[in-house]
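Heads up, the thing below is written out as structure tokens.
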Amino acid sequence: MPEFNSARVSTVSPARGESADESFAHLVDGFRRFRTEVYPEQRALFARLAKAQYPRAMFITCADSRIVPELITQSSPGDLFVTRNVGNVVPPYGQMNGGVSSAIEYAVMALNVQHIIICGHSDCGAMKAVLNPEGLQRMPTVKAWLRHCEVARSMVETNCNCGVEDSLGVLTEENVVAQLDHLRTHPSVAARLAGGQLSIHGWVYCIETSEILAYHASTGRFAPLDGDGPSPVATPAPRYLQA
């Protein structure tokens with residue numbers, strides 16, 4: 001094994017201009033503020049959460065640090081059951097029954113969530129990698145994971161006569177639609193959808209403007225989540241309505 005040369009490793013974040021120690025100290029300071037300022041004001045909430053959770057929705061989104069589900073939806077602790085991964089991917093059932101699949105099953109069967117939201121976002125590095133896979137040669141695990149986005153890439157490549165800039169936005173939307181399709185292959189989800197006990201949603205969040213575009217299953221298009229009229233939903237019509 002070659003000798004490790006510490007001189008090759010930068011200890012300063014080029015973007016923030018702070019050392020590794022300074023970055024970590026910032027996190028610890030934040031925890032201290034939470035402990036001394038935030039927690040005391042919400043002690044009763046955390047006392048309730050210590051015994052059980054009853055989330056309003058499952059939120060599947062990208063691991064990107066700029067996406068904060070609780071901030072975007074102004075939710076409190078306990079409101080969202082969040083799962084994050086590179087590219088907001090939902091593997092089809094049976095192909096890779098790992099963390100995402102088990103989280104979905106637990107959210108539906110144990111927590112009885114009524115909504116599952118798949119949320120993509122603008123300037124997504126995963127979607128850029130799908131468009132330019134040659135940049136993933138040194139990241140074989142990421143490359144393998146993003147194969148779950150191949151159907152979206154194929155849709156854009158075959159049907160979208162758009163430039164490089166536009167193709168990223170179209171791919172981001174198509175990837176959300178593809179992951180919604182994968183989501184419906186999970187037995188727990190399919191059963192609840194058929195009985196009208198679960199709703200699914202596909203969102204794309206714009207970091208710069210705060211806009212959310214939501215997929216509407218009946219039109220096959222994305223529309224503003226906060227537009228006029230009912231909010232767009234991706235839920236198919238239930239086949240077995242409960243009496």
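The values are calculated or read from the model by the stated rules, or taken from the named source; none is laboratory data. Fair warning: this is a prediction, and the values are worked out from it, not measured in the lab. Quick reminder, even Gly has a Cβ in these numbers, built from the backbone with ideal geometry, and neighbours come from all protein chains shown. Note: accessible area is taken over every heavy atom of the protein model, side chains too, but ligands, DNA and RNA are not part of it. Shrake-Rupley method; radii C 1.70, N 1.55, O 1.52, S 1.80 Å.
Checking VAL176 against (1) closer than 30 Å to ASN112 by Cβ; (2) aliphatic (A, V, I, L, M); (3) without any contact (Cβ under 8 Å) to a residue 24 or more places away in the chain, which test does it fail?
The single condition VAL176 does not satisfy is (3).
Among the residues of segment 192-209, how many are assigned to a loop (DSSP other than H, G, I, E, B) and either open to solvent by less than 60 Å² (accessible area, probe 1.4 Å) or in contact (Cβ under 8 Å) with a residue 40 or more places away in the chain (or both)? Outline the logic, then answer.
Let us first name the residues in segment 192-209 that are assigned to a loop (DSSP other than H, G, I, E, B), namely 195-198, 206-209.
Add one more test, that the residue is either open to solvent by less than 60 Å² (accessible area, probe 1.4 Å) or in contact (Cβ under 8 Å) with a residue 40 or more places away in the chain (or both), and what stays is 195-198, 206-208.
The qualifying residues number 7.
Evaluate the following for ARG184: is it touching a strand residue (DSSP E or B) at 6+ places or on another chain (Cβ under 8 Å) and exposed (fewer than 14 other Cβ atoms within 10 Å of the Cβ)?
Numbers: touching a strand residue (DSSP E or B) at 6+ places or on another chain (Cβ under 8 Å): yes; exposed (fewer than 14 other Cβ atoms within 10 Å of the Cβ): no.
Spelling it out, it is not the case that ARG184 is touching a strand residue (DSSP E or B) at 6+ places or on another chain (Cβ under 8 Å) and exposed (fewer than 14 other Cβ atoms within 10 Å of the Cβ).
Which of (1) without any contact (Cβ under 8 Å) to a residue 12 or more places away in the chain; (2) open to solvent by less than 60 Å² (accessible area, probe 1.4 Å) does THR158 not meet, given it meets every other one?
(2)
Only residues in segment 21-49 that are open to solvent by less than 100 Å² (accessible area, probe 1.4 Å) count as the first member; pair them with residues that are among the charged types (D, E, K, R), Cβ under 8 angstrom, at least 6 apart or cross-chain, and list the lot.
SER23/ARG16
For the structure I just gave you, tell me whether GLN53 is loosely packed, with under 12 Cβ neighbours inside 10 Å and assigned to a loop (DSSP other than H, G, I, E, B). Spell out how you get there, then give the answer.
Values: loosely packed, with under 12 Cβ neighbours inside 10 Å: no; assigned to a loop (DSSP other than H, G, I, E, B): yes.
So GLN53 does not fit the description; no.
Do the conditions hold for SER218, that is, is it open to solvent by less than 20 Å² (accessible area, probe 1.4 Å) and at pLDDT below 95? Let's see the steps before the verdict.
Values: open to solvent by less than 20 Å² (accessible area, probe 1.4 Å): no; at pLDDT below 95: yes.
No, not satisfied.
Where in segment 59-153 are there helices (runs of 4 or more DSSP H), lying wholly inside it, with at least 2 residues that are within 27 Å of ALA190 (Cα to Cα) and open to solvent by 70 Å² or more (accessible area, probe 1.4 Å)?
Fully inside segment 59-153 and qualifying: 99-109.
When you scan segment 164-178, do you find a residue that is open to solvent by less than 60 Å² (accessible area, probe 1.4 Å), part of a strand (DSSP E or B) and in contact with a helix residue (DSSP H, G or I) (Cβ under 9 Å, 6 or more places away or on another chain), even just one?
Looking only at segment 164-178, we keep the residues that are open to solvent by less than 60 Å² (accessible area, probe 1.4 Å), and these are 167-178.
After this cut, where a residue has to be part of a strand (DSSP E or B) as well, the list is none.
Scanning segment 164-178 turns up no residue that is open to solvent by less than 60 Å² (accessible area, probe 1.4 Å), part of a strand (DSSP E or B) and in contact with a helix residue (DSSP H, G or I) (Cβ under 9 Å, 6 or more places away or on another chain).
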